[in-house]
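Colleague: Here it is, the structure in full.
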Amino acid sequence: MGWYCLPFRNKIDIMITFDDLGIRNDILKAITELGFESPMPIQEMVIPHLLEKDGDVVGLAQTGTGKTAAFGLPVLQRIDSNKTTPQALIIAPTRELCLQIAGDLADFAKYIDNLRILPVYGGSSIESQIRTLRKGVQVVVATPGRLIDLIKRGEVKLADVNTVILDEADEMLNMGFIDDINEILTFVPEDRKMLMFSATMPKEIAAIAKNFMHNPVEFVAGTRNEGSKNVKHVYYLVKAQDKYHALKRVADHNPNIYGIVFCRTRKDTQEIADKLIADGYNADCLHGDLSQAQRDYAMKKFREHTTQLLVATDVAARGLDVDDLTHVVNYSLPDDVAVYTHRSGRTGRANKTGVSIAIIHSREKNKLRQIEQKIGKTFEHKNVPSPERIIEKQLYNLADKLERVDVNDESLAQYIPGVKKKLEWLSGEDLLKRILSLELNRLLKYYQDMPNIDLDDTSNKKERNNENKASNKNKDRRTAEEGYERVFLNLGKAHGFFPGDLMEMVNKHCKGDKAEIGRIDLLGDYTLFDVRSKDAKRVVGSLKNANFYGVRIYAEIAVPGKDYGQKRGKRGDKQEKENEEKSRRRNRQQEEAFEAPKKSKRDKKDIYPTDFFDFEPAQPNQKKRKRETRAEKRHHGNYEIFKKKK
């Protein structure tokens, strides 16, 4: 196999344009209106070869580097629009990518008369696709399953196809479409030109090139299997049960985040999205258990920036093409390094910078090192943002919004005098404090006394344990502030219990007026918190017989000066160890278990269902998993940060 890499050009060289590459005027006019100025590296390599030479092509470039235009522009230019039979066949792994490619080609062909492009995919009416095929099309963009169905029905004639393109070839391999591809290629002429585009080059893809392509020329933009140069790779090391809290802190520390959170299973995807939404984040989910209409709506909202965080599985996100992502978060590391390359390649596009974050626990460190070796990048270890740093970031972000807000003086003029008179007793500093408090009070309360969740360094663990014991003893001896009562609760850090959980629990169980909670001291296996004296007995009574993840709650009015840590003694230590072991078992199940895929309803009219699905092994002990799912429907946190962008 021959290969070609783009040579380095220094700044004094003349900028190459699409006109220099030989693109026809009608296509040039369309792409100029789309904002195309100069070709990207993979386009500069591939387009002249496809226009001027015969022979098959393998193009290797990261996601978002312009691969669609690299094969689409020359393919459109080679089409004879006077013929009404398919002349180019483009195969994509998912419905969303199929629609994305067809839409881009339609934009490129805006000024080409009589040229028709048809996306063919499962999950849509096959009759309407057949009617369009019978009218005549020149370019077919298809998913493998639906295409085979139409071929067997005799509705797709491929005898005149001169170009076959496999886009995202490595992903089609991962999804198990290799047999379908082999079958499809038996229906196209032997002398067709074949192009294969992929972000990575595993051995199996090289084997496809060897078996089905004729003397292919390989074009490489960058280095094989290399990560994007504009992406910074960062990882946070936390306990498994703290992954969600770390994700929330990452989001809070980046108020303007616009990113995708990748999970391994559909179940994890849905649960994480539900928690984020319940905690006030502008989030949504995307996975194979959603209906097609739900997936389309979720992607539409994300493309329009209505959603800031999209929690998705890898397969479900394949057709989502967005250029301005700021972050990609790996909530679970993939087993295949090539999948990580695809994930991280979604940010840092179009000469912008991006961040790929991995939230891992200790058992995933080896997998992280394997990814580093494969992509040739080093992950930077960072501490999870502290509450103090998060609050500071949020305050500065609010200040920045106040500076940039558009003020309509004319519309506000009639209201200013009355409001000014009402607030004239406040100084400028008092007014500023109230504005900041109005926006961030709930955030400040949530992060009050929130512990450090970075995984402990074993070298300093003994020293920190001694410090924690002294700190806990001091917290035991605290007394309630004036007008408050001190309340004891038998839940602490060992149970995965945090201030946000306490506030949510009190609000849920305490009927009547909202109880006002003061200082919260969170300890190992219990908590002491202040509540208004008039509400104390009501709060204690409301928590009777309540439970937290299966732990029965006990609350009482705390006795001043009593050492609750000493009171619990050996029995308390034993109970804490049991609770920690239960927590570890539960989190190990959450991290390692895969959910059994649900059976989707097939279109009665379609022989082949949609190609858009996730492959996950069956889950044993289904009844037990369902009980755990019900118990885990609680959501942490109690505040809203993000607002819908207008």
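Colleague: Kindly check whether there is at least one residue in segment 541-556 that is open to solvent by less than 60 Å² (accessible area, probe 1.4 Å), of a type in the set (A, V, I, L, M), in a helix (DSSP H, G or I) and modelled with pLDDT of 85 or more. Before you say what the answer is, go through the steps one by one.
Modeller: Narrowing segment 541-556 to residues open to solvent by less than 60 Å² (accessible area, probe 1.4 Å): 541-543, 546, 548-549, 551, 553, 555-556.
Those still in the list that are of a type in the set (A, V, I, L, M) too: 543, 546, 551, 553, 555.
So of that shortlist, the ones also in a helix (DSSP H, G or I) come out as none.
Looking through segment 541-556, none of the residues is open to solvent by less than 60 Å² (accessible area, probe 1.4 Å), of a type in the set (A, V, I, L, M), in a helix (DSSP H, G or I) and modelled with pLDDT of 85 or more.
Colleague: Turning to a different aspect of this structure: Only residues that are under 20 Å from Val384 (Cα atoms) and outside any loop (DSSP other than H, G, I, E, B): list them for segment 254-279, please. Before you say what the answer is, go through the steps one by one.
Modeller: Let us first name the residues in segment 254-279 that are under 20 Å from Val384 (Cα atoms), namely 254-263, 272, 275-276, 279.
Gly259, Ile260, Val261, Phe262, Ile272, Lys275, Leu276, listed by residue number.
Yes/no per residue for (1) touching a residue at least 24 places away in the same chain (Cβ under 8 Å); (2) touching a His at 6+ places or on another chain (Cβ under 9 Å):
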position	(1), (2)
Glu364	yes, no
Glu380	yes, yes
Ile391	yes, no
Leu402	yes, no
Gln414	no, no
Leu432	no, no
Leu443	yes, no
Asp454	yes, no
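Colleague: Sticking with this one: Return a yes/no flag: does segment 52-67 have any residue that is under 19 Å from Val188 (Cα atoms), modelled with pLDDT of 90 or more, of a type outside the set (A, V, I, L, M, F, W, C) and touching a strand residue (DSSP E or B) at 6+ places or on another chain (Cβ under 7 Å). Step through it out loud before you land on a result.
Modeller: As a first pass, look at segment 52-67 and keep what is under 19 Å from Val188 (Cα atoms): 54-58.
Checking the rest, the ones that are also modelled with pLDDT of 90 or more come to none.
There is no residue in segment 52-67 that is under 19 Å from Val188 (Cα atoms), modelled with pLDDT of 90 or more, of a type outside the set (A, V, I, L, M, F, W, C) and touching a strand residue (DSSP E or B) at 6+ places or on another chain (Cβ under 7 Å).
Colleague: Would it be correct to say that Glu463 is within 30 Å of Asp521 (Cα to Cα), exposed (fewer than 12 other Cβ atoms within 10 Å of the Cβ), among the charged types (D, E, K, R) and modelled with pLDDT under 75?
Modeller: Numbers: within 30 Å of Asp521 (Cα to Cα): yes; exposed (fewer than 12 other Cβ atoms within 10 Å of the Cβ): yes; among the charged types (D, E, K, R): yes; modelled with pLDDT under 75: yes.
Criteria met by Glu463.
Colleague: Go through segment 359-376 and give me each residue that's within 24 Å of His253 (Cα to Cα) and part of a loop (DSSP other than H, G, I, E, B).
Modeller: His361
Colleague: For the condition aliphatic (A, V, I, L, M), under 25 Å from Phe212 (Cβ atoms) and not in a helix (DSSP H, G or I), what is the one hit in Ile90, Ile42, Ile101, Ile23? Let's see the steps before the verdict.
Modeller: On the way: Ile42 fails: not in a helix (DSSP H, G or I); Ile101 fails: not in a helix (DSSP H, G or I); Ile23 fails: under 25 Å from Phe212 (Cβ atoms).
Result: Ile90 is the single residue among Ile90, Ile42, Ile101, Ile23 that is aliphatic (A, V, I, L, M), under 25 Å from Phe212 (Cβ atoms) and not in a helix (DSSP H, G or I).
Colleague: So, in segment 163-192, exactly how many residues are touching a helix residue (DSSP H, G or I) at 6+ places or on another chain (Cβ under 8 Å) and within 21 Å of Glu218 (Cβ to Cβ)?
Modeller: Residues flagged as touching a helix residue (DSSP H, G or I) at 6+ places or on another chain (Cβ under 8 Å) and within 21 Å of Glu218 (Cβ to Cβ) within segment 163-192 amount to 15.
Yes/no per residue for (1) in contact with a helix residue (DSSP H, G or I) (Cβ under 6 Å, 6 or more places away or on another chain); (2) of a type in the set (Phe, Trp, Tyr); (3) over 24 Å from Ala240 (Cβ atoms); (4) without any contact (Cβ under 8 Å) to a residue 24 or more places away in the chain:
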{"residue": "Arg486", "(1), (2), (3), (4)": "no, no, yes, no"}
{"residue": "Asn490", "(1), (2), (3), (4)": "no, no, no, no"}
{"residue": "Lys493", "(1), (2), (3), (4)": "no, no, no, no"}
{"residue": "Phe498", "(1), (2), (3), (4)": "no, yes, no, no"}
{"residue": "Asp501", "(1), (2), (3), (4)": "no, no, no, no"}
{"residue": "Cys510", "(1), (2), (3), (4)": "yes, no, yes, no"}
{"residue": "Gly518", "(1), (2), (3), (4)": "no, no, yes, no"}
{"residue": "Thr527", "(1), (2), (3), (4)": "no, no, no, no"}
{"residue": "Val531", "(1), (2), (3), (4)": "yes, no, yes, no"}
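Colleague: Is it true that some residue in segment 280-291 is in contact (Cβ under 8 Å) with a residue 12 or more places away in the chain and assigned to a helix (DSSP H, G or I)?
Modeller: No: zero hits.
Colleague: So, in segment 362-377, of the ones that are at pLDDT below 85 and surrounded by fewer than 15 Cβ atoms within 10 Å (Cβ to Cβ), which residue ends up farthest from Ala246 (Cα to Cα)?
Modeller: Filtering segment 362-377 for residues that are at pLDDT below 85 and surrounded by fewer than 15 Cβ atoms within 10 Å (Cβ to Cβ), the one farthest from Ala246 (Cα to Cα) comes out as Gly376.
Colleague: Please find, among Tyr564, Tyr526, Tyr484, the residue that is buried (at least 17 other Cβ atoms within 10 Å of the Cβ), of a type in the set (Phe, Trp, Tyr) and at pLDDT below 80.
Modeller: Tyr564
Colleague: If a residue must be part of a helix (DSSP H, G or I) and over 24 Å from Met503 (Cα atoms), how many such residues does segment 387-432 contain? Even if it seems obvious, please write down each step before you answer.
Modeller: The initial filter retains those residues of segment 387-432 that are part of a helix (DSSP H, G or I), namely 387-404, 409-412, 416-423, 428-432.
Okay, now just the ones that are also over 24 Å from Met503 (Cα atoms), so 396-404, 409-412, 416-423, 428-432.
The number of residues fulfilling the criteria is 26.
Colleague: Evaluate segment 212-232: report whether one residue or more is modelled with pLDDT of 80 or more, in contact with a His (Cβ under 8 Å, 6 or more places away or on another chain) and surrounded by fewer than 21 Cβ atoms within 10 Å (Cβ to Cβ).
Modeller: Yes.
Colleague: Given the criterion out of contact with any Cys (no Cβ under 8 Å at 6 or more places or on another chain), modelled with pLDDT of 85 or more and open to solvent by 70 Å² or more (accessible area, probe 1.4 Å), identify the matching residue among Glu380, Glu403. Write out each step before concluding.
Modeller: Values: Glu403 fails: modelled with pLDDT of 85 or more.
Going through Glu380, Glu403 in turn, the sole match is Glu380.
Colleague: Here is a further query. Being over 33 Å from the mean Cα position of the chain (by Cα) and either modelled with pLDDT under 90 or under 30 Å from Ala293 (Cα atoms) (or both) narrows it down to one residue among Pro93, Pro48; which is it?
Modeller: Going through Pro93, Pro48 in turn, just one is over 33 Å from the mean Cα position of the chain (by Cα) and either modelled with pLDDT under 90 or under 30 Å from Ala293 (Cα atoms) (or both): Pro48.
Colleague: Right, something else. Need the failing condition index for Ile359 against (1) open to solvent by less than 10 Å² (accessible area, probe 1.4 Å); (2) closer than 17 Å to Val231 by Cβ; (3) modelled with pLDDT under 85, just the number.
Modeller: Evaluating Ile359 over (1) open to solvent by less than 10 Å² (accessible area, probe 1.4 Å); (2) closer than 17 Å to Val231 by Cβ; (3) modelled with pLDDT under 85 leaves (3) as the failure.
Colleague: Just for segment 142-172: of the residues that are in a loop (DSSP other than H, G, I, E, B) and closer than 24 Å to Ala199 by Cβ, which one is modelled with the highest pLDDT?
Modeller: Step one: of segment 142-172, the residues in a loop (DSSP other than H, G, I, E, B) are 143, 153-162, 167-168.
From what is left, the residues that are closer than 24 Å to Ala199 by Cβ are 143, 167-168.
On the way: Thr143: 90, Asp167: 86, Glu168: 80.
If we take residues in segment 142-172 being in a loop (DSSP other than H, G, I, E, B) and closer than 24 Å to Ala199 by Cβ, then Thr143 is modelled with the highest pLDDT.
Colleague: Of all residues in segment 301-331, how many are open to solvent by 10 Å² or more (accessible area, probe 1.4 Å) and assigned to a loop (DSSP other than H, G, I, E, B)?
Modeller: So the answer is 12.
Colleague: Sticking with this one: Only one of (1) open to solvent by less than 50 Å² (accessible area, probe 1.4 Å); (2) of a type in the set (Val, Ile, Thr); (3) part of a loop (DSSP other than H, G, I, E, B) is not met by Ile47, so which one is it?
Modeller: (3)
Colleague: Quickly run through segment 340-358 and pick out the residues that are more than 13 Å from the chain's Cα centre (by Cα) and outside any loop (DSSP other than H, G, I, E, B).
Modeller: Step one: filter segment 340-358 for residues more than 13 Å from the chain's Cα centre (by Cα), giving 341, 348-354.
Within segment 340-358, Thr341, Gly354 meet the criteria.
Colleague: Give me the residue from segment 283-300 that is open to solvent by 30 Å² or more (accessible area, probe 1.4 Å) and out of contact with any helix residue (DSSP H, G or I) (no Cβ under 8 Å at 6 or more places or on another chain) and, out of that set, nearest to Arg95 (Cα to Cα).
Modeller: Asp296
Colleague: Is it the case, given these coordinates, that Arg131 is surrounded by fewer than 20 Cβ atoms within 10 Å (Cβ to Cβ) and not aliphatic (A, V, I, L, M)? Reasoning before the result, please.
Modeller: Values: surrounded by fewer than 20 Cβ atoms within 10 Å (Cβ to Cβ): yes; not aliphatic (A, V, I, L, M): yes.
The answer is yes for Arg131.
The values are calculated or read from the model by the stated rules, or taken from the named source; none is laboratory data. Keep in mind the model is a prediction, meaning the values are calculated, not measured. Cβ coordinates were reconstructed from backbone atoms using ideal geometry, including for glycine residues, and neighbour counts include every protein chain displayed. Side chains included, ligands, DNA and RNA excluded: accessible areas come from the protein's heavy atoms. Shrake-Rupley method; radii C 1.70, N 1.55, O 1.52, S 1.80 Å.
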